[in-house]
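Read the structure below first, then the notes.
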Amino acid sequence: CLLCRRTEADPDICGDKQENHGLCTHVFCLNFASLIFRQDNDRTGFMGCRSRDIRLAVSRAAQKHCCVCGETGATIMCCQEDCDRWFHLPCAKEGHCVTQYITPYSSYCPEHCPEQDVRAILEPGTECPICMEPVEERKSYTTLVCPACKKAWFHRDCMRALLTLLLFALQGQALRAGALYFQCPLCRDDDEFAVQMFIMGIRIPFRQPTWEDNDAFAELGERHSWCNARKCLYPGGREGAEEEGPWELLLCSSCAAEGTHRRCSGLRNNTPSWECDSCA
Ligand SMILES: [Zn+2]
Ligand SMILES: [Zn+2]
Ligand SMILES: [Zn+2]
Ligand SMILES: [Zn+2]
Ligand SMILES: [Zn+2]
Ligand SMILES: [Zn+2]
Ligand SMILES: [Zn+2]
């Protein structure tokens with residue numbers, strides 16, 4: 001990739017490689033590159049960018065040092081006026097830079113990254129409702145709060161994992177419009193919550209989860225997998241389950257935050273999916 005100068009980059013961060021007119025770039029490296037102007041109706045360009053502009057960006061980047069790794073070739077500039085910090089897209093996470101994966105693809109250095117404008121009190125010992133581990137005791141790059149209930153605090157990495165898990169839960173099912181409820185596990189707000197998480201740089205995974213990810217998902221899934229039925233009938237208890245049949249655990253196909261044994265919700269033994277009460 002001309003812009004990040006890496007051959008092996010995390011496709012989750014940089015996106016797929018695309019080649020056009022002899023220029024090879026990652027999709028997101030191009031989207032985030034500062035000062036490349038996009039012609040909305042110019043179909044002759046490369047994703048709306050003229051190759052002349054891309055070459056210009058590359059030669060300018062040769063003078064720009066990355067504020068994270070110190071190397072030259074940084075193509076992304078902090079959006080804050082008067083800030084002259086540049087960085088590489090693959091360095092963003094390590095350097096706590098925020099990159100918003102929604103148009104207009106704004107990026108911020110650690111000093112100017114958007115803060116959650118939420119007056120919330122973080123009690124000592126607060127646990128992340130996703131991993132049940134304590135969160136850092138202040139608002140920070142790695143600690144996010146739900147803007148709606150102001151009670152749920154999350155690790156940034158857990159938030160991404162939750163979103164990935166949701167997509168995974170939906171795989172293999174017809175994706176209905178609006179089936180993806182990206183919501184706060186505590187208060188179930190999915191409006192303010194989702195918007196704010198995208199502003200803070202959480203994004204929908206670029207690639208579909210693959211079977212190689214299964215271990216990671218299984219581990220995360222286990223934490224959510226118990227029977228939430230009002231009355232659980234399984235002799236082995238809410239956390240026990242069988243591979244198939246009446247005692248297989250189904251996770252809610254919309255929120256993945258609740259589960260049930262088929263029998264406990266009166267489902268047939270071959271019912272493939274289920275939605276919890278708050279989602280149905
Ligand atoms: Zn790249
Ligand atoms: Zn760098
Ligand atoms: Zn800045
Ligand atoms: Zn967590
Ligand atoms: Zn909430
Ligand atoms: Zn049950
Ligand atoms: Zn649900």
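Annotations
- Scan of segment 1-30 for residues that are assigned to a loop (DSSP other than H, G, I, E, B) and not aliphatic (A, V, I, L, M), ordered by number: Cys1, Cys4, Arg5, Arg6, Thr7, Glu8, Asp10, Gly15, Asp16, His21, Gly22
- Hits in segment 20-53 - residues which are of a type outside the set (Phe, Trp, Tyr) and at pLDDT 85 or above: Leu23, Cys24, Thr25, His26, Val27, Cys29, Leu30, Asn31, Ala33
- Residue-level analysis places Arg119 outside the set of residues that are under 17 Å from the mean Cα position of the chain (by Cα), of a type outside the set (A, V, I, L, M, F, W, C) and at pLDDT below 85.
- Among the conditions (1) basic (Lys, Arg); (2) at pLDDT 85 or above; (3) in a helix (DSSP H, G or I), the only one that Lys151 does not satisfy is (3).
- Residue match in segment 160-168 (condition: of a type in the set (Phe, Trp, Tyr) and assigned to a helix (DSSP H, G or I)): yes
- From the options Ala280, Ala241, residue that is at pLDDT 85 or above, on the phi < 0 side of the Ramachandran plot and assigned to a loop (DSSP other than H, G, I, E, B): Ala241
- The residue of segment 81-102 that is surrounded by the most Cβ atoms within 10 Å (Cβ to Cβ), among those that are more than 19 Å from Ser140 (Cα to Cα) and free of Cβ contacts under 8 Å to residues at least 60 places away in the same chain, is Phe87.
- Selection within segment 132-148 - touching a Lys or Arg at 6+ places or on another chain (Cβ under 8 Å) and either free of Cβ contacts under 8 Å to residues at least 60 places away in the same chain or buried (at least 17 other Cβ atoms within 10 Å of the Cβ) (or both): Tyr141, Thr142, Thr143, Leu144, Val145
- When segment 252-274 is limited to residues that are within 16 Å of ligand 5 (Cβ to nearest atom) and touching a Pro at 6+ places or on another chain (Cβ under 9 Å), the one that is nearest to Leu163 (Cα to Cα) turns out to be Cys255.
The values are calculated or read from the model by the stated rules, or taken from the named source; none is laboratory data. Please read these numbers as outputs of a predicted model, since none were measured by experiment. Cβ coordinates were reconstructed from backbone atoms using ideal geometry, including for glycine residues, and neighbour counts include every protein chain displayed.
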